[in-house]
1. Could you identify the single residue in GLN39, GLN52 that is modelled with pLDDT of 80 or more, assigned to a helix (DSSP H, G or I) and open to solvent by 50 Å² or more (accessible area, probe 1.4 Å)?
2. Does any residue in the stretch 80-101 that is closer than 27 Å to GLN52 by Cβ and at pLDDT below 75 come within less than 9 Å, Cβ to Cβ, of a residue that is assigned to a helix (DSSP H, G or I) and of a type in the set (D, E, K, R) six or more places away or on a different chain, and which pairs are these?
3. Report yes if PHE64 is on the phi < 0 side of the Ramachandran plot, in a helix (DSSP H, G or I) and surrounded by fewer than 16 Cβ atoms within 10 Å (Cβ to Cβ), otherwise no.
4. Looking only at residues in the stretch 17-32 that are within 13 Å of the chain's Cα centre (by Cα) and surrounded by 14 or more Cβ atoms within 10 Å (Cβ to Cβ), which one is nearest to CYS95 (Cα to Cα)?
5. Just to be sure before I move on: is ARG70 part of a helix (DSSP H, G or I) and at pLDDT 80 or above in the structure I sent?
6. Run CYS62 past the list (1) at pLDDT below 80; (2) among the hydrophobic types (A, V, I, L, M, F, W, C); (3) farther than 18 Å from LYS76 by Cβ and report the number of the one that doesn't hold.
Amino acid sequence: ATNQNFDESGLVAVTCFHGTNLQFLNIYGGGERPSHAIQMIEAILEDVPEIQSINMCYNVACVFESALHRYKPERKETLRVRIGRFHLYGYEHSCHVLYNL
């Protein structure tokens, strides 16, 4: 099956640790990009500016974390990226150490 009949090519969701939905973002066209997650973080920080820290699971944390720190260097200490256990076992041992929950 192809998705050529659909405008959206994906959906990104942000939930809290308890599983409560916080934000949704439709993806159009070329697929998942770090900019989608950065948009979601910006929206959350705009809604709740007093947030002290964000721990975020992302399946390509090593790539995303560098993009995130380039884009939001002032939040380097408060925005932490992790890889969820479901995705972690596909990575090298160094990624297990750096990005494990």
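The values are calculated or read from the model by the stated rules, or taken from the named source; none is laboratory data. No experiment lies behind these values; they were computed from the predicted model shown. As a convention, Cβ positions derive from the backbone with ideal geometry for all residues, glycine included, and neighbour counts pool all protein chains shown. Only protein heavy atoms, including side chains, enter the accessible area calculation; ligands, DNA and RNA are left aside. Shrake-Rupley method; radii C 1.70, N 1.55, O 1.52, S 1.80 Å.
1. Just one listed residue meets the conditions, GLN39.
2. TYR99/GLU65; ASN100/ARG85; LEU101/ARG85
3. The answer is no for PHE64.
4. So, considering only residues that are within 13 Å of the chain's Cα centre (by Cα) and surrounded by 14 or more Cβ atoms within 10 Å (Cβ to Cβ), the one nearest to CYS95 (Cα to Cα) is GLU32.
5. When the stated conditions are applied, ARG70 passes them.
6. So the condition that CYS62 fails would be (3).
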